[in-house]
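**Student:** To start, I am sharing the structure in question, which I have written as structure tokens.
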Amino acid sequence: MNSLRNSVRLVGNLGMDPEVKTFDSSKKVARMAIATNESYKNDKGEKITETQWHNLVIWGPQAQIAGDILKKGDEVAIEGKLANRNYTDKDGIKRYISEVIVHEFIKLGARN
């Protein structure tokens with residue numbers, strides 16, 4: 001049960017090409033965003049689709065693979081854990097970010 005404590009699984013479409021960066025120690029990180037959609041009918045019977053955006057972070061060798069094979073619009077399935085961090089921007093305002101640290105991903109297909 002311990003693996004369920006902080007587990008995220010999502011299927012959606014990439015909203016951008018992965019941005020891959022290499023650090024001095026040759027460690028790599030890829031950042032991208034995935035959109036997930038949920039549809040339902042409102043009181044009037046109209047179909048409503050809500051889109052949620054999720055920030056993804058992939059570390060290590062998988063970061064380079066993601067950069068090589070994933071493109072904006074691709075449908076992907078990811079598994080990882082939720083992480084929160086904060087930073088102070090150039091104006092001195094503290095900003096908070098939630099991200100999914102991806103352990104595994106599968107490219108399912110591309111949007112037409």
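**Student:** Would you mind ranking Phe105, Phe23 by Cβ crowding within 10 Å, fewest neighbours first?
**Tutor:** On the way: Phe105 22, Phe23 8.
Ranking Phe105, Phe23 by Cβ neighbours within 10 Å, fewest first, gives Phe23, Phe105.
**Student:** Using a cut-off of 15 Å between beta-carbons, work out the net charge of the residues near Ala30 (Lys and Arg +1, Asp and Glu -1, Ala30 not included). It would help to have the intermediate numbers written out before the result.
**Tutor:** Working: positive: Lys21, Lys27, Lys28, Arg31, Lys71, Lys72, Lys107; negative: Asp17, Glu19, Asp68, Asp74, Glu99, Glu104.
It works out to a net charge of +1.
**Student:** [x] 16.2, 57; [y] 21.7, 67; [z] 22.3, 85: which one is Rg and Dmax of the Cα atoms in Å as calculated from this entry?
**Tutor:** [x]
**Student:** For Gly15, which sequence-distant residues (separation of 5 or more, or a different chain) have an amide H within less than 5 Å of its own amide H, given hydrogens modelled in the peptide plane?
**Tutor:** Residues meeting the amide H criterion: Ala33, Ile34, Ala35, Gly73.
**Student:** Taking the Cβ-Cβ separation of Asn86 and Ile106 as r and a Förster radius of 25 Å, what is the calculated FRET efficiency to the nearest 0.05? The partial results should precede the final answer.
**Tutor:** Details: r = 31 Å, r/R0 = 1.23.
Using R0 = 25 Å, I get an efficiency of 0.20.
**Student:** Taking the number of other C-beta atoms within 10 Å as the exposure measure, put Asp74, Asp17 in order starting with the fewest.
**Tutor:** Details: Asp74 19, Asp17 15.
So the ranking, lowest neighbour count to highest, is Asp17, Asp74.
**Student:** Report the number of Lys pairs in region 2-110 whose alpha-carbons are under 23 Å apart, with separation of 8 or more residues or on distinct chains.
**Tutor:** Close lysine pairs found across region 2-110: 17.
**Student:** Given contacts defined as C-alpha pairs under 8 Å and at least six residues apart, what's the relative contact order of the chain, whole-number percent? Numbers along the way, then the final one.
**Tutor:** Working: 233 pairs, mean separation 32.6, N = 112.
So the answer I get is 29 percent.
**Student:** Sum -39500 (n - 2.57) across every DSSP H segment of at least 4 residues in the chain, then divide by the residue count to get the 222 nm mean residue ellipticity, nearest 500. Provide the component values of the computation, followed by the final result.
**Tutor:** Values: 1 runs with 9 residues, N = 112.
When only DSSP H runs of four or more count, the value is -2500 deg cm²/dmol.
Every number here is computed from the coordinates shown, using simple stated rules; none is lab data. These numbers were taken from a predicted model, which means no experiment stands behind them. Using ideal geometry, Cβ is built from the backbone for each residue, glycine included, and neighbour counts are taken over all protein chains shown.
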